[in-house]
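The values are calculated or read from the model by the stated rules, or taken from the named source; none is laboratory data. Source: prediction; values computed, not measured. Cβ coordinates were reconstructed from backbone atoms using ideal geometry, including for glycine residues, and neighbour counts include every protein chain displayed. Heavy atoms of the whole protein, side chains included, go into the accessibility calculation; ligands, DNA and RNA do not. Shrake-Rupley method; radii C 1.70, N 1.55, O 1.52, S 1.80 Å.
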Amino acid sequence: MLNFRPLWRYEDAFIEGILTTLELALIAGLAGLALGLVCALVLGRGNRAANLLIRSYIEIIRNTPPVLQIFIIFFVLPRIGLRFPPFEAAAVALTLYFGAFVTEIIRSGLDSIPKAQVEAGHCLGLAGWQVFAHVVLMPAMRNIYPSLTSQFILLLLGTSIASFISAEELFHTAAVVDSRTFRSFEVYALISGIYVLMVIAFRLLFFAIGRLAFRWPVAR
Amino acid sequence: MALVEIKNLRKTFGKLEVIKDVSLTVEQGDIVAIIGRSGSGKSTLLRCINGLEDIQGGSITVGGRDVSAKMAGLKEYRQRVGIVFQQFNLFPHMNVLKNVTLAPILTGKIKKPQARKLAEDSLTTVGLLDKIEAWPEQLSGGQQQRVAIARCLAMKPELMLFDEVTSALDPELVGEVLKVMEDMARQGMTMILVTHEMNFARNVANKVVFMHHGRIWEQGHPDQMLGDPQTPELQAFISSSRT
Amino acid sequence: MRTFGTIDLLAFATAFQYTILLVVLALIIGAPLALGFAMLRVSRFAPLRWLSAAFLQVIQGVPLLALLMFIYFALPTFLGIRLPPLLAVTAAFTLYTAVFLGEIWRGGIEAVKRTQWEAAACLGLGAWQQFRHVIAPQALKIALPASVGFLVQLIKGTSLAAIVGFIELTRAGQLSAAATLQPLLVYSIIAAIYFVVCFPLTQLSRRLEARLNGAR
């Protein structure tokens, strides 16, 4: 028999878990976005040493499981004197993870803007950063908006691996409540529902933001 | 002193020599039409004048200043020279008003409150005042090209460059763009244009330059150039462009 | 505590075989299901489309970890049965593959122009023949780069089976790190093994992608 009642006592714990999950996703999302933007811009400048460094970073992150990345940051960095509590370690690991994917997405977005657009900006006497900010940025953002937002959804779900180092996000909360109530089915059904709702909420939010931010008509 | 003075210009792309020893003088108020087959170097010449290409020899002087892609003050120079391309290159994410006023505002030519007035003036010149709120994608090719011209005019340039501005247009839209250019010519704008429109070259330009294999093959008054071509190459070009 | 040695490397080698086993099983069972799921998603019968879309929302809306816990732990507890770990974990990754790969293939099928179906129909081919001989080959070509990309995701994803104690590569690493107290060494080796497997696949995926874009 399904019995969700024993879970009510842990309402606060679940809410705490949801908030921590959202916090992790938003911190890693924003920091990763900034990191990805910087890396993508540096990649465009064609400095060979910097490119090699960034490409290695991307390949290492892309081709190893995020769980191991989180382990290395949590268990290994203290050996060299960098001690992060679980939440911070998870935030750092997820930022590095998200940043690597974002770098590639943003780079492809910047490359998708025709050279002639950049040239037209220069010919009007704009400075390089003005061309970037006013001419390139928004159309590039529009082109990569779907992949960027899907990547964020994957990040949101990926925060669950922070439970491996006992960061107290939603998945960790589930494990704790499960061990106290022995209602595994109900616990995991509940948090699955919560994850699905969070994902739907973010998709709707992103859809609305997209409609507001990218209103200009485009050729089909 | 001449507004544009080009002396012994040389431009190469790798081993390919696109412009060989070109010299050309453009006076204030001149309308210079550059004609020639594709690959003759005429578009590259325009791009050099705007500092879009670095040059391998000779010099370009505009308003007494040496021009190159690496010159100091290239930005300020470009604010004085407008260029219109074959592909209009309007910014798709800005409406017509923003397309026209972006550069004057960002380069500090005007304050935001005066921007609309400036845009209205420029758009009136090209006859598109009613499209001030439209998005580029909603305009026809001819209208987009006229907005591109208005965008340059808003910078109050001393010199306008036109790079085959009607070549990408449907035939029925060419006239409206040429008419705008004709009006600008009549108001005394100095213009250098690369074009395939022989009638426009004949009727509006006061100087025609025929480029062939990266050199200026012949230049002179339109009537003489197009009515009585001296070289067999120009004769062949003119008869081929009539058909 | 003991020092890191050959015994750990042997354990990794064994565990790595389980990682590969999981990937192979998930692909062998999951790929046909993925094809079926893709067909449901583009079905002409609307309720099938809605149902499959709802199912997609759920599977793509929960962490892979939750899927694993659910199938390994929650479901058997609820039903009062015990599933062998390999079976439970394989079931979770199969489901994951069926939905994610299926969605990639749906994208491939929909990227083939509508007129190709019509052209095939005009030649008198039946619906299955249209799909099998005209649509599928083109869709496969379009979806191949993303499919290889998914394979990398699946290989990395199997590391999460560690949470239910299934001894694949990552779990073996955890055990070794705990026993030897040398996490830096252990996790670097484990990460390197994943990298050696995944990197060529990622490169392949990129090359296929570039060729596809070049061909268009």
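Which of (1) surrounded by fewer than 19 Cβ atoms within 10 Å (Cβ to Cβ); (2) within 14 Å of another protein chain (Cβ to nearest Cβ) is the odd one out, the single condition A:Ala31 does not satisfy?
(2)
Per-residue answers, yes or no, for (1) modelled with pLDDT of 90 or more; (2) farther than 17 Å from B:Val26 by Cβ:
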position	(1), (2)
B:Thr166	yes, yes
B:Leu178	yes, yes
B:Ala201	yes, no
B:Lys207	yes, no
B:His212	yes, yes
B:Leu226	no, yes
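Mind listing whichever residues of the range B:131-165 are assigned to a loop (DSSP other than H, G, I, E, B) and either among the acidic types (Asp, Glu) or within 16 Å of B:Met184 (Cα to Cα) (or both)?
Within the range B:131-165, B:Glu133, B:Ala154, B:Met155, B:Lys156, B:Pro157, B:Glu158, B:Glu164, B:Val165 qualify.
Out of the range B:93-151, which residues are farther than 27 Å from A:Trp129 by Cα and among the polar types (S, T, N, Q)?
Matches in the range B:93-151: B:Thr124, B:Thr125, B:Gln138, B:Ser140, B:Gln143.
So which residues in the range A:34-55 are in contact (Cβ under 8 Å) with a residue 60 or more places away in the chain and crowded, with 18+ Cβ neighbours inside 10 Å?
Selection gives A:Leu35, A:Gly36, A:Cys39, A:Ala40, A:Leu43.
Six or more apart or on different chains, Cβ under 9 Å: which pairs go from a residue in the range B:72-86 that's at positive phi to one that's surrounded by fewer than 17 Cβ atoms within 10 Å (Cβ to Cβ) and of a type outside the set (A, V, I, L, M, F, W, C)? Could you list them?
As it stands, the answer is B:Gly73/B:Arg65, since those pairs meet every condition given.
May I ask you to say which residue of B:Leu123, B:Leu178, B:Leu169 is in the same structural domain as B:Asn206 (by TED's automatic domain parsing) and in a helix (DSSP H, G or I)?
B:Leu178
Pairs, please: C-beta under 6 Å, at least 6 apart or cross-chain, first residue of a type in the set (A, V, I, L, M) and in the range C:187-201, second outside any helix (DSSP H, G or I)?
Listed by first residue and then by second, the contacts come to C:Ala191/A:Thr64.
Hey, can you tell me all the residues within the range A:106-131 that are surrounded by fewer than 18 Cβ atoms within 10 Å (Cβ to Cβ) and away from chain B (no Cβ under 12 Å)?
Hits for the range A:106-131 are A:Ser108, A:Asp111, A:Ser112.
Restricting to the range B:206-231, name every residue that is open to solvent by 10 Å² or more (accessible area, probe 1.4 Å) and closer than 15 Å to B:Leu161 by Cα.
Within the range B:206-231, B:Lys207 is the sole residue that qualifies.
Considering only the range C:38-49, I want to know if a residue exists there that is open to solvent by less than 30 Å² (accessible area, probe 1.4 Å) and not in a helix (DSSP H, G or I).
So far as the range C:38-49 goes, yes, one or more of its residues are open to solvent by less than 30 Å² (accessible area, probe 1.4 Å) and not in a helix (DSSP H, G or I).
Here are C:Ile142, C:Ile163, C:Ile155: which of them is more than 9 Å from chain A (Cβ to nearest Cβ) and either touching a helix residue (DSSP H, G or I) at 6+ places or on another chain (Cβ under 7 Å) or on the phi > 0 side of the Ramachandran plot (or both)?
C:Ile142
Looking at A:Arg215, A:Arg183, which is the one that is at the interface with another protein chain (Cβ under 10 Å from one of its Cβ atoms), open to solvent by 40 Å² or more (accessible area, probe 1.4 Å), among the charged types (D, E, K, R) and free of Cβ contacts under 8 Å to residues at least 60 places away in the same chain?
The unique qualifying residue is A:Arg215.
If a residue must be within 13 Å of chain C (Cβ to nearest Cβ) and either of a type in the set (Lys, Arg) or outside any helix (DSSP H, G or I) (or both), how many such residues does the range A:139-166 contain?
Looking only at that region, the number is 1.
Could you please let me know if C:Leu83 is modelled with pLDDT under 90, more than 14 Å from chain A (Cβ to nearest Cβ) and part of a loop (DSSP other than H, G, I, E, B)?
Taking the combined requirement at face value, the residue does not satisfy it.
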